[in-house]
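Report on the following structure.
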Amino acid sequence: MTQLSTHPWDDDHLKEECGVFGIYGIDEAAAHTVLGLHALQHRGQEAAGIVAFDGHRFNAHRELGHVADHFSSGKVVERLKGYASIGHVRYSTTGETILRNVQPLFADLEVGGFALAHNGNLTNAYALRRDLVRRGSLFQSTTDTEVITHLMAAAGRGDVVERLTEALLQIEGAYSLVALAEDMVIGVRDPLGVRPLLMGKLGSATILASETCALDIIGATYVRDLDPGEIVVIDHSGVRSIKPFPKRQHRFCIFEYIYFARPDSSLEGYSVYEARKRIGAELARENGVPADVIVPVPDSGVPAALGYAQEAGIPFELGIIRNHYVGRTFIEPTDHIRHLGVRLKHNANRAKVDGKRVVLVDDSIVRGTTSKKIVEMVRAAGAKEVHMRISSPPTTHSCFYGIDTPERSKLLAAQHNVAEMAKIIGVDSLAFISIDGLYRAMGQPRRDPDKPQYCDACFTGEYPTTLTDQTDNSPRQLSLLTENA
Ligand code: AMP
């Protein structure tokens, strides 16, 4: 889900990534959801929420901050009674984070209570919202997700699944949803299947989760990924699948494999860790360079660096160490301290880089800030040569489907060619995996009309849906509300 911005061009608000979890048919459903959200914490650290249903009432708890900070107390979990529950973790780097935007959202519909959690980003949410507001809808949040519950209310007829289907037929973009209605958990994947959503089993309980690591944590077994365009309805009579959308070519987000998902997860039946290693190996084949040591930029660069090192036959070493106890919320008080700030998170391991020709492997260059600082640090620790290899093609376009990327003017690769980037970052050489190399590593020929494809818009600018809100430049009317968050 994404917080809508007051101006269509104000991309500072388009920065949200999320994780979702749902479980039906188990005692202490909320406690299981807490564990699931712990495993999905990497998908969003800004806020977390859970709604459970106990057969009679909905019980909700939503907070800003980490899961561990707010859902560890027995008191909170005890209050979230129920045999069915859904949860959400939300990430946003800038823009207001206010409690009214924390999911799951809850709506009291004509057909009963309805809680909704969303991973992804709708691309026509503002256009729909404007229409709904004209027709009398009173929005409570500034998120794109809320248009779904309003469209359901406006449907005026049908049961909860029929209303949800009618709403989904009007929205565009990327969405993996989990919803909780009275005695029912629902899972939805958008027709392109951009964001992940999969199903698991624990005894007689059914689980929905963004990644398999959320199944592992509760001892559940993986059943399958939801199909693109599939709605799964889980209730006392079992699991039912509906496919109301015209069939489209699968466009799963390739960046989930490159960076976003946890390496111990499997998505679409494919291990994220193995994918990263294969991409690293392909990177070494395409862009090898004589060197003494292969060093990952931790943590996300580690599997790709391993794959690179094994393919190149060059030793892999932890030449940069990451401090795991540094919060992302550290506020640097002055320019001087901000400049020093980088060493809070990473430090060079002099013992492994001094006097060496070093290949640094990272998954992506966005603004270039990380790479520049890391290169400086490795040189200061005595490296003789520093080469940078990136396990994704240059990030030249913003993501409108739920991954945090800044506007194009702030993307280094949108403004500079590779030679210029190398100069800015301060390396002896810089190379990215090619888009074809990336597809080769994933075992899929690119743009084969008969095979599932990936969404690679951040590297190619080929967006697989219309971007209605991006092309609409009319002023937006979203009132800003500050709360005691
Ligand atoms: P930058 O410093 O802006 O070039 O960011 C690049 C670094 O951020 C890389 O080390 C990536 O691992 C990491 N990264 C890439 N994409 C994202 C994202 N969407 N959210 C948070 N971190 C990211």
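The values are calculated or read from the model by the stated rules, or taken from the named source; none is laboratory data. Remember, predicted model here, so these are calculated numbers, not experimental data. Every residue, glycine as well, gets a Cβ built from its backbone with ideal geometry; the counts of neighbours run over all protein chains shown. Please note that ligands, DNA and RNA were not included when accessible areas were found on the heavy atoms of the full protein model with its side chains. Shrake-Rupley method; radii C 1.70, N 1.55, O 1.52, S 1.80 Å.
Under 6 Å between Cβ atoms, which residue pairs at least 6 apart in sequence (or on different chains) link something in the range 200-215 that is closer than 14 Å to Val89 by Cα with a partner that is in a loop (DSSP other than H, G, I, E, B) and open to solvent by less than 10 Å² (accessible area, probe 1.4 Å)? That search, which allows pairs on different chains as well, returns Ser210/Leu40; Ser210/Pro196; Glu211/Ala261; Glu211/Ser265; Ala214/Leu40.
Quick one: is Arg379 among the basic types (Lys, Arg) and either open to solvent by less than 20 Å² (accessible area, probe 1.4 Å) or near the ligand (Cβ under 8 Å from one of its atoms) (or both)? Criteria not met by Arg379. For first residues located in the range 122-141 and farther than 21 Å from Ile98 by Cα and open to solvent by 30 Å² or more (accessible area, probe 1.4 Å), partners that are part of a helix (DSSP H, G or I) and of a type in the set (Gly, Ala, Ser) and lie 6+ apart or on another chain with Cβ distances below 7 Å form the pairs Arg135/Ala154.
Mind checking which residues of the range 410-426 are away from the ligand (no atom under 13 Å from the Cβ) and either crowded, with 16+ Cβ neighbours inside 10 Å or not acidic (Asp, Glu) (or both)? Of everything in the range 410-426, those that are away from the ligand (no atom under 13 Å from the Cβ) and either crowded, with 16+ Cβ neighbours inside 10 Å or not acidic (Asp, Glu) (or both) turn out to be Asn417, Val418, Ala419, Ala422, Lys423, Gly426. The criterion of being closer than 18 Å to Gly113 by Cβ and assigned to a strand (DSSP E or B) does not hold for Ile148. The range 224-338 holds no strands (runs of 3 or more DSSP E) entirely within its bounds that carry 2 or more residues that are modelled with pLDDT under 95.
One line per residue, one yes/no per condition, for (1) modelled with pLDDT under 95; (2) crowded, with 18+ Cβ neighbours inside 10 Å; (3) within 16 Å of the ligand (Cβ to nearest atom):
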residue	(1), (2), (3)
Leu4	yes, yes, no
Asp27	no, no, no
Ala39	no, yes, no
Gly44	yes, yes, yes
Val51	no, yes, no
Asn59	no, no, no
Gly74	yes, no, no
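Under the condition of being near the ligand (Cβ under 10 Å from one of its atoms) and of a type in the set (Gly, Ala, Ser), which residue from the range 345-376 is nearest to Phe260 (Cα to Cα)? It comes out as Ser364.
Criterion first (open to solvent by less than 10 Å² (accessible area, probe 1.4 Å), in contact with a strand residue (DSSP E or B) (Cβ under 6 Å, 6 or more places away or on another chain) and not charged (D, E, K, R)) does Ile390 satisfy it? It is true that Ile390 is open to solvent by less than 10 Å² (accessible area, probe 1.4 Å), in contact with a strand residue (DSSP E or B) (Cβ under 6 Å, 6 or more places away or on another chain) and not charged (D, E, K, R). Residues that are surrounded by 16 or more Cβ atoms within 10 Å (Cβ to Cβ) and among the acidic types (Asp, Glu) within the range 429-463 comprise just one, Asp456.
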